[in-house]
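Student: My questions all concern the structure below.
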Amino acid sequence: MKISPSPPAPLPQGEGSQIPPYQSPPLPLPAGEGRTVSPVSTRSWGEGDAHLTDDIVWAALAEVMDPEIPVLSLVDLGVIRAVYLAGDQVTVTMTPTFSGCPALVEMQRLIKERLQALGASEATVNVVLAPPWSSDWINAEGRRKLKAFGLAPPPVHGGDVQIMLFDTVTCPRCDSDDVTVRNTFGSTLCRAIYYCNRCQDAFEQFKPL
Ligand SMILES: [Zn+2]
């Protein structure tokens, strides 16, 4: 039943008068201004001072290895779809190789870790499932590394996976196409096991998808 406004609550003891001026950290700039205006700071913020560019971020992501095939970077694998920079806040969009891929969480962790080490003030990884990842997105460098690793690279199929599934597989060791499929599922869902009739040895293929 109060009809008069209550007096303002007293500030907790000690607060209010003891905050020295200019102590708060620089606030992030509104979206869109980050590229042209740098926050004015009179003190060093360590790695947060890094001025990231698309090239720097892509180069760093090219050093983040696939947890399942450690010779391939996430860039080689084609799972990194886009990089967006707002100042030193980085957003990466990725599409996992397989939607149920158990390595996905690990990939996200590795990306964030790398971006933070690079000086990103904020690192976000968005996962996009459509369009689904295709083995056609593995770049030329990735295909070379797969072969050197002893894993036959998937043929480029241009969208017609069925035709290519058991076709044009060559042995990563001797390049012979005299090969026989042994098992359509190898050590992981994304690999098939073949037998090279020339080497007389088995090898795995990264299945086209
Ligand atoms: Zn062979």
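The values are calculated or read from the model by the stated rules, or taken from the named source; none is laboratory data. No experiment lies behind these values; they were computed from the predicted model shown. Cβ coordinates were reconstructed from backbone atoms using ideal geometry, including for glycine residues, and neighbour counts include every protein chain displayed.
Student: On the given criteria, is residue 145 of a type outside the set (Phe, Trp, Tyr), surrounded by 16 or more Cβ atoms within 10 Å (Cβ to Cβ), away from the ligand (no atom under 16 Å from the Cβ) and within 16 Å of the chain's Cα centre (by Cα)?
Tutor: For residue 145, the condition - of a type outside the set (Phe, Trp, Tyr), surrounded by 16 or more Cβ atoms within 10 Å (Cβ to Cβ), away from the ligand (no atom under 16 Å from the Cβ) and within 16 Å of the chain's Cα centre (by Cα) - is not met.
Student: I need a count of the residues in the stretch 84-94 that are under 12 Å from the mean Cα position of the chain (by Cα) and surrounded by fewer than 20 Cβ atoms within 10 Å (Cβ to Cβ).
Tutor: 2
Student: Checking the conditions here, which among 172, 154 is buried (at least 19 other Cβ atoms within 10 Å of the Cβ), within 16 Å of the ligand (Cβ to nearest atom) and part of a loop (DSSP other than H, G, I, E, B)?
Tutor: Of 172, 154, the one residue that is buried (at least 19 other Cβ atoms within 10 Å of the Cβ), within 16 Å of the ligand (Cβ to nearest atom) and part of a loop (DSSP other than H, G, I, E, B) is 172.
Student: A further question on this structure: Give me a count of the residues in the stretch 119-135 that are within 16 Å of residue 64 (Cα to Cα) and of a type outside the set (A, V, I, L, M).
Tutor: 2
Student: Given the structure, is residue 198 within 16 Å of the ligand (Cβ to nearest atom), farther than 18 Å from residue 69 by Cβ, outside the structural domain of residue 102 (by TED's automatic domain parsing) and surrounded by fewer than 16 Cβ atoms within 10 Å (Cβ to Cβ)?
Tutor: Yes; evaluated as a whole, the condition is true for this residue.
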